[in-house]
Amino acid sequence: MSVMSAVLVGLAMGLVFGTALEKSRVFEPGMILGQMQMRNFIMLKIFLTAVATGLVVLAVLNGFGLTNLHPKVTLFGADIIGGLVLGTGITLAGACPGTVLAQLGAGYRDAWVTLAGGLAGATTFIYLEPTLKPLLLSGGPGKLTLDGLLGMPFWAPALGLTVLLVAGLVLLERWRPWRDDLGADCDGML
Amino acid sequence: MSCSLTDKAWSPYLAGVIIGLLQIPAFLLIDTALGASSSYVTVSAHLAALIDTGVNGIDYASKHLQGAKNWWQVALVVGIAGGAWLSSRSSGMTRSGYSPIWRRVIGTRASALRFPMAFAGGFLMLLGARIADGCTSGHGISGIAQLSIGSFIAVAAMFAGGIGTAMLLRRI
């Protein structure tokens with residue numbers, strides 16, 4: 001696909017993604033902080049629903065041979081350290097790398113500062129990467145996947161996990177209806 | 001369940017299904033999974049190249065400079081801003097300044113405190129996402145949906161870091 005068509009596809013998908021992030025209110029810092037303080041569960045519900053939907057989509061597409069999967073290489077040290085640093089940043093920012101852009105679109109001023117910090121962080125990583133590569137970003141077991149470990153076709157554990165996720169979401173919703181977590185101004189302030 | 005653009009809020013399940021379905025065009029048209037954080041590398045590498053042509057010599061930067069997949073992801077995050085802009089205007093939910101949540105968790109409305117915190121947050125977010133090779137989208141939504149063991153680990157670490165930091169702040 002040409003760069004131009006890829007950009008048009010990206011913009012169209014982004015419009016849909018941004019609408020879903022805004023309408024679900026998960027772009028609100030109050031929702032993200034509330035989730036991290038285990039007081040608000042809207043972020044987890046969206047996240048797990050998106051994972052479950054993705055599992056079904058990929059089980060079908062991959063099961064019928066329409067697409068290959070692209071799991072990331074497992075690097076235990078990098079996954080753990082990177083994940084911890086990322087999570088710390090998410091709480092301080094009140095955003096994820098994608099939802100910062102939704103905050104910008106909705107009008108939050110501090111999102112510009114978060115975005116600038118993100119670009120500075122990415123720039124820093126570019127210059128650090130050659131140093132980090134032998135220490136943290138190489139070796140490891142390669143593309144480790146659950147289906148690979150189980151020796152099963154992807155669709156089987158994918159659909160199995162989907163069932164577990166849906167059951168978990170049903171219980172979560174019964175325990176804590178999503179409307180109770182919205183807040184009066186739909187910003188997660190309870 | 002209603003879902004009009006003029007609604008203030010949609011069900012998280014509807015939003016989750018919509019986001020999950022975006023894997024269809026991502027895999028079928030672009031041959032990649034949904035992700036957001038490597039777009040920051042593409043933009044940063046181009047910005048850095050304006051003042052330091054040496055950046056082109058760094059493999060990691062040059063891999064992110066060109067090509068349909070890199071520009072697709074930059075367009076995706078630009079589209080996210082556009083979608084949120086349209087959606088917030090359609091429902092009269094536009095925001096200004098910053099969220100009242102910050103006053104509650106840090107005890108002041110002062111930009112002198114919130115802005116450095118937002119910058120540090122953004123910095124750590126992208127540094128961490130690039131070390132782990134993925135963020136909430138790439139490792140979270142897409143990695144787990146591909147049953148990647150590294151993604152399960154990265155997401156667990158992400159929540160551990162996020163929850164640990166949030167516990168140091170005041171309760172919302």
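Okay, here's what the table says:
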| read-out | value |
| --- | --- |
| Complete set of residues in segment A:129-148 that are more than 7 Å from every other protein chain (Cβ to nearest Cβ), surrounded by fewer than 16 Cβ atoms within 10 Å (Cβ to Cβ) and part of a helix (DSSP H, G or I) | A:Thr131, A:Lys133, A:Pro134, A:Leu135 |
| Condition check for B:Gly92: part of a loop (DSSP other than H, G, I, E, B), closer than 16 Å to A:Gly118 by Cα, more than 7 Å from chain A (Cβ to nearest Cβ) and not β-branched (Val, Ile, Thr) | no |
| Answer from B:Leu86, B:Leu22, B:Leu34 - the residue that is in contact with a helix residue (DSSP H, G or I) (Cβ under 8 Å, 6 or more places away or on another chain) and surrounded by fewer than 19 Cβ atoms within 10 Å (Cβ to Cβ) | B:Leu86 |
| Residue match in segment A:176-187 (condition: open to solvent by less than 40 Å² (accessible area, probe 1.4 Å), within 21 Å of the chain's Cα centre (by Cα) and more than 7 Å from every other protein chain (Cβ to nearest Cβ)) | yes |
| From the options A:Met31, A:Met38, A:Met43, residue that is within 15 Å of the chain's Cα centre (by Cα) and either assigned by TED's automatic domain parsing to the domain that holds A:Lys133 or free of Cβ contacts under 8 Å to residues at least 60 places away in the same chain (or both) | A:Met43 |
| A:Leu164 vs. criteria at pLDDT below 95, under 18 Å from A:Lys45 (Cα atoms) and open to solvent by 40 Å² or more (accessible area, probe 1.4 Å) | no |
| From the options B:Gly134, B:Gly97, residue that is closer than 23 Å to A:Leu58 by Cα and outside any helix (DSSP H, G or I) | B:Gly134 |
| Residues located in segment B:27-53, provided they are in contact (Cβ under 8 Å) with a residue 40 or more places away in the chain, within 7 Å of chain A (Cβ to nearest Cβ), within 19 Å of A:Val9 (Cβ to Cβ) and in a helix (DSSP H, G or I) | B:Ile30 |
| Options A:Gly105, A:Gly121; residue that is part of a helix (DSSP H, G or I), farther than 25 Å from B:Gly16 by Cα and either of a type in the set (D, E, K, R) or touching a residue at least 12 places away in the same chain (Cβ under 8 Å) (or both) | A:Gly121 |
| Selected residue (criterion: surrounded by the most Cβ atoms within 10 Å (Cβ to Cβ)) from residues of segment B:1-19 that are at the interface with another protein chain (Cβ under 7 Å from one of its Cβ atoms) and outside any helix (DSSP H, G or I) | B:Trp10 |
| Filter pass, B:Thr108 being without any contact (Cβ under 8 Å) to a residue 12 or more places away in the chain, of a type in the set (Val, Ile, Thr) and not in a helix (DSSP H, G or I) | yes |
| Any hit, segment B:116-133, residues being within 30 Å of A:Pro130 (Cα to Cα) and more than 7 Å from chain A (Cβ to nearest Cβ) | yes |
| Flag if B:Gly121 is of a type outside the set (A, V, I, L, M, F, W, C), part of a loop (DSSP other than H, G, I, E, B) and out of contact with any Phe, Trp or Tyr (no Cβ under 8 Å at 6 or more places or on another chain) | no |
| Odd one out for B:Trp72 among (1) facing another protein chain (nearest Cβ under 7 Å); (2) of a type outside the set (Gly, Ala, Ser); (3) open to solvent by 20 Å² or more (accessible area, probe 1.4 Å) | (3) |
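Yes/no matrix, rows are residues, columns are (1) surrounded by 24 or more Cβ atoms within 10 Å (Cβ to Cβ); (2) more than 16 Å from the chain's Cα centre (by Cα); (3) farther than 29 Å from B:Ile18 by Cα:
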{"site": "B:Gly92", "(1), (2), (3)": "no, yes, no"}
{"site": "B:Pro116", "(1), (2), (3)": "no, yes, yes"}
{"site": "B:Ser142", "(1), (2), (3)": "yes, no, no"}
{"site": "B:Gly164", "(1), (2), (3)": "no, yes, yes"}
{"site": "B:Arg171", "(1), (2), (3)": "no, yes, yes"}
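The values are calculated or read from the model by the stated rules, or taken from the named source; none is laboratory data. It should be emphasised that the depicted structure is a prediction, and the values quoted were computed from it without experimental measurement. Methodologically, a virtual Cβ is constructed for each residue, glycine included, from the backbone with ideal geometry; neighbour enumeration extends over all protein chains shown. Remember, those area values only see protein heavy atoms, side chains included, never the ligands or the DNA or RNA. Shrake-Rupley method; radii C 1.70, N 1.55, O 1.52, S 1.80 Å.
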